[in-house]
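Asker: Take this structure first; my questions come after.
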Amino acid sequence: MIIVLRPDATEKQINHIIERVKKLGLKPWVSKGVERTIIGVIGEEDTLRIQPLEVFPGVEKVMPILTPYKLVSRNFKKEDSHIEIGNGLSVGGERIITMAGPCSVENEKLLIEIARKVKQAGATVLRGGAFKPRSSPYSFQGLGEKGLKYLAKAKKETGLLIVTELMDTRDMALLEKYADIIQIGARNMQNFNLLKVVGQSKKPILLKRGMASTLKELLMSAEYILSEGNFNVILCERGIRTFEEYTRFTLDISAVAAIKALSHLPVVVDPSHATGKWGLVASCTKAAVAAGCDGLLIEVHPNPEEAFSDGAQSLLPENFASLMQDLRKVAEAVGRKI
Ligand code: PEP
Ligand code: MN
């Protein structure tokens, strides 16, 4: 249920409604828009039949939210959400935020070398996994806290923000300390305990779409995070599994437009995991920018042959730099900056 307030509703009237909603055992979420405030009401909506809220001063109308996701929905908030990530940057505004770096953090020297190069090319966030979700238990599993320390060092050297993956609720304190953006990987999109834990944080969360998940399921997972109180959620399309085998996954470009229609949350595209092939990354990145994405997540490695993970889809730093040049033109054509 959403309560739409009149444009001239006073603070006192708003607080009164919030108190009443709480007394009914429901959870109110206030969203202050440019023109008017709306209050999302989560909980057993039947209660509102006994206590109609239309009668309260300041209320214009009360409407049901028909989708199963509520706080995430465009009905709840008309304006695009801008998620502040640090360094005065936000995801969801005019500027497309580029997150780039290796798949895995491998060693300090290499990470700093990559960080310098992606920064020079125009990236503002360094990516790199310290905890790696690998299909095989025999594959490199990540450096753990040591990897996080290298990320911190790279941040100190370059000023780049850090996005890195959380796989286990027990590592949340570490991620709070080292990450500017906490990534929830595709394989954990429906790890509901993990979603609840990051929901209790204030950190921006990059929630990747599961490879076999519908957009509705992605938005329901985001709802878990928002319903715990963390509205700083960035969604990520990273390719889904289809019958096509040439690419690692299939990049669902329509997800960008669909998410924009269904939700106020920003959407980032990861063309690296979606294609699995570095030679396809540039075209898919341009398509993502043209489609209206708010950010990019791109794997970059100076020696892909030797990469501990995902070498085949990693761009050489020089290819990343020339892609960033090309993207400026595409971004400009759709009224964005990169
Ligand atoms: C990653 O970003 O390195 C990663 C493992 O991505 P995904 O969860 O999308 O497979
Ligand atoms: Mn990877």
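Asker: If you keep only loop residues by DSSP, which trypsin sites (Lys or Arg not before Pro) in the range 151-243 have at most 14 other Cβ atoms within 10 Å of their Cβ? List each step's numbers first, then the result.
Answerer: Numbers: sites: Lys153, Lys155, Lys156, Arg170, Lys177, Arg187, Lys196, Lys202, Lys208, Arg209, Lys216, Arg238, Arg241; in loops: Lys202, Arg209, Arg238, Arg241.
Within the range 151-243, the qualifying trypsin sites (Lys or Arg not before Pro) (loop, at most 14 other Cβ atoms within 10 Å) are Lys202, Arg241.
Asker: Report relative contact order for the range 5-161 in percent, whole number only (criteria: Cα-Cα under 8 Å, sequence separation at least 6). Present the calculation step by step, with values, prior to reporting the outcome.
Answerer: Numbers: 195 pairs, mean separation 25.5, N = 157.
RCO, the range 5-161: 16 percent.
Asker: Shifting gears a bit: Specify the longest stretch of the chain that does not include any exposed loop site, a site being one of the GluC sites (Glu not before Pro) with a non-H, G, I, E, B DSSP assignment and at most 10 other Cβ atoms within 10 Å. Intermediate results must be reported in sequence, preceding the final value.
Answerer: Numbers: sites that count: Glu35, Glu44, Glu244, Glu245.
Within the chain, the longest run free of exposed GluC sites (Glu not before Pro) spans 45-243.
Asker: Let me ask something else about it. So what is the relative contact order of the range 162-222, in percent, for Cα pairs below 8 Å that sit 6 or more residues apart?
Answerer: Details: 84 pairs, mean separation 20.1, N = 61.
Relative contact order, the range 162-222: 33 percent.
Asker: Something else: Please figure out what share of the DSSP beta bridges in the range 83-333 is antiparallel and state it in percent, rounded to the nearest 5. Working shown, then result.
Answerer: Details: 4 of 31 bridges.
Antiparallel: roughly 15 percent of the beta bridges in the range 83-333.
Asker: Filter the cross-link list Lys153/Lys177; Lys27/Lys260; Lys196/Lys216; Lys286/Lys337; Lys216/Lys286; Lys155/Lys329 down to pairs whose alpha-carbon distance in this structure exceeds 20 Å. Intermediate values should be presented prior to the final figure.
Answerer: On the way: Lys153/Lys177 13 Å; Lys27/Lys260 25 Å; Lys196/Lys216 18 Å; Lys286/Lys337 13 Å; Lys216/Lys286 26 Å; Lys155/Lys329 28 Å.
Correct reply: Lys27/Lys260; Lys216/Lys286; Lys155/Lys329.
Asker: Which loop-located trypsin sites (Lys or Arg not before Pro) does the range 245-338 contain, where loop means any DSSP state but H, G, I, E or B and the Cβ has at most 15 other Cβ atoms within 10 Å?
Answerer: Listed in order of number, the matching sites are Lys277.
Asker: How much of the calculated P(r) for the range 1-92 lies past 16 Å, in percent of all Cα pairs? Provide the component values of the computation, followed by the final result.
Answerer: On the way: 2291 of 4186 pairs.
Within the range 1-92, distances greater than 16 Å cover 55 percent of Cα pairs.
Asker: Which far-off residues, 5 or more places away or on another chain, put their amide H under 5 Å from the one on Leu315, with H placed in the peptide plane?
Answerer: Here Glu299, Val300, His301 satisfy the definition.
Asker: Also, I was wondering about something else. Per-residue ellipticity at 222 nm for the chain, helices alone: DSSP H runs ≥ 4 residues times -39500 (n - 2.57), over residue total, nearest 500 deg cm²/dmol? Intermediate values should be presented prior to the final figure.
Answerer: On the way: 11 runs with 118 residues, N = 338.
Using -39500 (n - 2.57) per qualifying helix, the result is -10500 deg cm²/dmol.
Asker: Which of the aspartates and glutamates could be linked to Lys156 by a straight reach, that is with a Cα gap under 20 Å, when you skip same-chain ones fewer than 8 residues away?
Answerer: Glu84, Glu106, Glu108, Glu113, Glu145, Glu165, Glu176, Asp180
Asker: In whole Hz and in residue order, list the ³J(HN,Hα) couplings for the range 206-211 that follow from phi through the Karplus curve 6.51 cos²θ - 1.76 cosθ + 1.60, θ = phi - 60°; x for Gly and Pro.
Answerer: Rounded to whole hertz, the list is 9, 9, 8, 5, x, 5.
Asker: May I ask you to evaluate 6.51 cos²θ - 1.76 cosθ + 1.60, the Karplus curve with θ = phi - 60°, for each residue of the range 228-239 and list the ³J(HN,Hα) values in order in whole Hz, giving x for glycine and proline?
Answerer: Using θ = phi - 60°, the values come out as 8, x, 9, 8, 8, 10, 10, 8, 9, 8, 10, x Hz.
Asker: Within the range 139-245, list the chymotrypsin sites (Phe, Trp or Tyr not before Pro) lying in a DSSP loop whose Cβ has at most 14 other Cβ atoms in a 10 Å radius. Don't skip to the answer; put the middle values down first.
Answerer: Details: sites: Phe140, Tyr150, Tyr178, Phe192, Tyr224, Phe231, Phe243; in loops: Phe140, Phe231, Phe243.
Of the chymotrypsin sites (Phe, Trp or Tyr not before Pro), the ones in loops of the range 139-245 whose Cβ has at most 14 other Cβ atoms within 10 Å are Phe243.
Asker: Right, something else. Given a Förster radius of 25 Å and the C-beta distance between Ala333 and Glu79 as r, what FRET efficiency does 1/(1 + (r/R0)^6) yield to the nearest 0.05?
Answerer: Numbers: r = 24 Å, r/R0 = 0.95.
With R0 = 25 Å, the Cβ-Cβ based efficiency is 0.60.
Asker: Can you tell me what percent of all Cα-Cα pairs in the range 96-151 are more than 13 Å apart? Don't skip to the answer; put the middle values down first.
Answerer: Values: 881 of 1540 pairs.
That fraction is 57 percent.
Asker: Something else: For the chain, with a Gaussian network of springs between Cα atoms less than 10 Å apart, report the residue from Ile50, Ile96, Ile42 with the top mean-square fluctuation.
Answerer: Sorting by GNM fluctuation, first place goes to Ile50.
Asker: Straight-line reach from Lys277: which aspartates and glutamates fall under 17 Å, measuring Cα to Cα and dropping same-chain residues less than 8 apart?
Answerer: Candidates past the 8-residue exclusion: Glu237, Glu244, Glu245, Asp252, Glu299, Glu305, Glu306, Asp310, Glu318.
Asker: Give the long-range amide H neighbours of Ile162: residues separated by 5 or more places, or on another chain, with amide H under 5 Å away, using H modelled in the peptide plane at 1.01 Å from N.
Answerer: Amide H neighbours of Ile162, under 5 Å, 5+ apart: Leu126, Asp180, Ile181.
Asker: What percent does the relative contact order of the chain come to when contacts are Cα pairs within less than 8 Å and at least six residues apart?
Answerer: 16
Asker: Given the Cα atoms of the chain, and with Rh set as the inverse mean 1/r over their pairs in the Kirkwood sense, what is Rg to Rh to two decimals?
Answerer: Numbers: Rg = 20.9 Å, Rh = 20.7 Å.
Checking Rg against Rh, the ratio lands at 1.01.
Each reported figure results from applying straightforward, stated rules to the coordinates on display, with no laboratory input. Given the structure is predicted, the values throughout are model-derived calculations rather than measurements. Here Cβ is always computed from backbone atoms with ideal geometry, including for glycine, and neighbour counts include all displayed protein chains.
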